[in-house]
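The values are calculated or read from the model by the stated rules, or taken from the named source; none is laboratory data. These numbers were taken from a predicted model, which means no experiment stands behind them. Because the Cβ atoms are built from the backbone with ideal geometry, glycine has one as well, and the counts that use them run over all protein chains shown.
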Amino acid sequence: MAVREGEPFPAAVVKKAALLKARTLAQSAARQRNSYRMAVYPPHPAPAMTPQTTASFEFHPIGILRSPYPEKFAVPRQPGLVTAAAAELHLLGDCNRAEILRGIEGFSHLWLTFVFHQTLGQGWKPTVRPPRLGGNRRLGVFATRSPFRPNPIGLSVVSLEGTEQRGSQWLLKLGGADMVDGTPVLDIKPYVPYVDAIPQARGGFTDQLVSEPVAVRFSTDALAQLAAVESGRPQLKLLIEQLIAQQPQPGYHKPGQGRRSYGMSVYDLNIRWTVAGEGCEVMEIRLRH
């Protein structure tokens, strides 16, 4: 639009010019703010792929765990649920020495890093079906504690009941372990309550899975068989009660679906029990052959 000299600009032109000026000033201010942010908080570059970050790593066990669980089925789903489970960590090689344990008895609990050695070579998938969800729902493997992982490494917290030297063998006495007998342990670290305990933490799907242990009773025959094999197997009756009370059977086997029988191995024993209604009954305790 042409405007003669001395004539005022039309209102629409003035308004448009004012908007353009305001936009230009805002963009300039934004550039200054971004420039400041870049100076104070520089962007993180993509991590460089170096031979060190892409290398394979070889670790050697520092010890072997001896537990009451010869098979996976009886193993508690989480550490600490079965307090009667007595385990021992036998140190190996250069780690089998007194000074490596100096000061450890000042801690009541320990973190163990270990290998899921029974799943080695079985592969992994990015999603899994957690048994406690009945096997009907898939979750990312990093949102679960599945043993089928890109690197089959586990982490458990156990109670430290003491240390002992038997001849030339140093070992740690542990409680509440959730590992199969013969599990290779890669590392031990002390549990430090003021940083490791987070009471307000969220537990994802597991927050809805907490259930009360079920009642466990023993048949007359099972009590007689128990009395014959208790020697040399610490707290055997309590151990069996705690294991069965945690309902190790598959998650899709719901209460009220009729009478079912199950079996598990503990130490060198075969344990058979039935589930009916809301309770369980131990029917048989026999030596494995």
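Take the conditions (1) surrounded by 13 or more Cβ atoms within 10 Å (Cβ to Cβ); (2) at pLDDT 95 or above; (3) charged (D, E, K, R); GLU164 misses just one of them, which is (1). Please go through the stretch 263-279 and pick out each residue that is within 27 Å of the chain's Cα centre (by Cα), surrounded by 18 or more Cβ atoms within 10 Å (Cβ to Cβ) and on the phi < 0 side of the Ramachandran plot. Scanning the stretch 263-279 gives MET264, VAL266, ILE271. Output yes when any residue across the stretch 102-110 is closer than 25 Å to GLN169 by Cα, of a type in the set (A, V, I, L, M, F, W, C), outside the structural domain of LEU269 (by TED's automatic domain parsing) and in contact with a helix residue (DSSP H, G or I) (Cβ under 8 Å, 6 or more places away or on another chain), and no when none is. Yes, that holds for at least one residue.
Among the residues of the stretch 198-206, is there at least one that is out of contact with any His (no Cβ under 8 Å at 6 or more places or on another chain) and surrounded by 15 or more Cβ atoms within 10 Å (Cβ to Cβ)? Yes, the stretch 198-206 contains at least one residue that is out of contact with any His (no Cβ under 8 Å at 6 or more places or on another chain) and surrounded by 15 or more Cβ atoms within 10 Å (Cβ to Cβ).
One residue is enough: does the stretch 274-282 have a residue meeting the conditions touching a Cys at 6+ places or on another chain (Cβ under 8 Å) and of a type outside the set (Asp, Glu)? Give the derivation first.
Residues of the stretch 274-282 that are touching a Cys at 6+ places or on another chain (Cβ under 8 Å), as a first pass: 274.
Those left that are additionally of a type outside the set (Asp, Glu): 274.
Yes, the stretch 274-282 contains a residue that is touching a Cys at 6+ places or on another chain (Cβ under 8 Å) and of a type outside the set (Asp, Glu).
None of THR183, THR127 is within 18 Å of the chain's Cα centre (by Cα), outside the structural domain of THR83 (by TED's automatic domain parsing) and of a type in the set (S, T, N, Q) except THR127.
Taken as a whole, the structure places ARG138 among residues that are among the charged types (D, E, K, R) and either surrounded by 16 or more Cβ atoms within 10 Å (Cβ to Cβ) or not assigned by TED's automatic domain parsing to the domain that holds LYS173 (or both).
Among residues belonging to the stretch 70-93 that are in a loop (DSSP other than H, G, I, E, B), touching a Phe, Trp or Tyr at 6+ places or on another chain (Cβ under 9 Å) and at pLDDT 90 or above, point out the one that is nearest to VAL180 (Cα to Cα).
PRO70
Count of the stretch 220-250 residues, restricted to those that are of a type in the set (S, T, N, Q), assigned to a helix (DSSP H, G or I) and surrounded by 18 or more Cβ atoms within 10 Å (Cβ to Cβ), is 2.
Of all the numbered requirements in (1) surrounded by 14 or more Cβ atoms within 10 Å (Cβ to Cβ); (2) without any contact (Cβ under 8 Å) to a residue 12 or more places away in the chain; (3) under 14 Å from the mean Cα position of the chain (by Cα), VAL158 misses one, and that requirement is (2).
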